[in-house]
Amino acid sequence: MSAEDTHGSSVEVAARVERRWATIAVIIIVGMALLAAFAGIHRATMPQPRVETTDPSRLHLSGEFVESNLGSMLESNGSVTVRAIGQQYSFTPACIVVPVDTPITLRATSADVVHGILIQGTNVNTMLVPGYISEQLMRFGRTGDYLMPCQEFCSFGHEGMWGKVKVIDKTDFANRAKAGGRLSCVGQ
């Protein structure tokens with residue numbers, strides 16, 4: 001056997017090995033593409049279990065998000081419901097007051113474009129989409145102030161769109177709630 005024969009057979013072996021690896025790579029890529037397509041189609045056909053809508057052009061005029069209904073409210077079962085609106089370039093109310101160690105339901109929507117609520121130091125992070133109501137359950141374990149920036153770019157004034165969540169003692173919150181109406185810490 002000459003050196004040329006050995007070299008020729010090693011080139012054939014290398015080409016065969018390269019074809020096998022190329023085939024394996026193509027199979028992996030096709031498999032991942034099929035998996036992504038299946039997941040996307042399956043997700044599109046399986047909507048959220050409950051979708052609530054609202055008319056963003058009438059938020060301040062009637063319905064759940066009328067201005068007198070925004071802020072925190074103590075419910076009969078001891079939980080708190082907070083209603084808020086995101087709009088260019090503010091949250092209404094800009095400061096939300098809630099009690100510590102209490103189940104809280106945040107119900108919010110957008111009046112104009114997509115916004116986001118991110119309460120820093122917590123796992124609360126939700127998008128506000130015009131026409132849809134976002135509902136987020138939360139509970140704060142300690143009192144204090146939490147910053148609430150808009151985390152979805154909403155236009156040129158986005159960087160100034162900040163709110164605040166003020167978590168206070170349960171007794172203090174209950175005393176404030178006795179006066180009735182919606183609670184917020186705007187102006188405090």
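The values are calculated or read from the model by the stated rules, or taken from the named source; none is laboratory data. Predicted model, so just to flag it, every value in this text is computed and none were measured. Backbone-built Cβ (ideal geometry, glycine too); neighbour counts: all protein chains shown. Protein only, heavy atoms only, side chains kept; ligands, DNA and RNA dropped before computing areas. Shrake-Rupley method; radii C 1.70, N 1.55, O 1.52, S 1.80 Å.
Taking the chain as a Gaussian network of alpha-carbon nodes connected by springs under 10 Å, the highest mean-square fluctuation of the residues I117, I27, I168 belongs to I27. Accessible surface area normalised per residue over the stretch 53-179 is 48 Å², counting heavy atoms of protein chains with a 1.4 Å rolling probe. Dipole orientation for the chain: of the candidates A14, A179, A111, A179 has the Cα lying most toward the positive pole (charges on Cβ; Lys, Arg +1; Asp, Glu -1).
Figure the gain on full extension for R58 and N77 (residue separation times 0.36 nm, minus the Cα-Cα span) and round it to one decimal in nm. Kindly include the intermediate steps, with their values, before the conclusion.
Details: separation 19, 0.36 × 19 = 6.84 nm, distance 2.99 nm.
So the chain would gain 3.9 nm between R58 and N77.
The long axis of helix 3-45 is offset from the longest Cα principal axis of the chain by roughly 20 degrees. With a ≥ b ≥ c the root eigenvalues of the C-alpha gyration tensor of the stretch 53-179, is it rounded (a/c under 1.5), prolate (a/b larger than b/c) or oblate? Verdict is oblate for the stretch 53-179.
How much of the accessible area of the chain, in percent, comes from carbon and sulfur atoms when a 1.4 Å probe is used? It would help to have the intermediate numbers written out before the result.
On the way: 6750 of 11430 Å².
Answer for the chain is 59 percent, counting heavy atoms of protein chains only.
Gain on full extension, evaluated as 0.36 nm per residue between R176 and F156 minus their Cα-Cα distance, stands at 3.5 nm.
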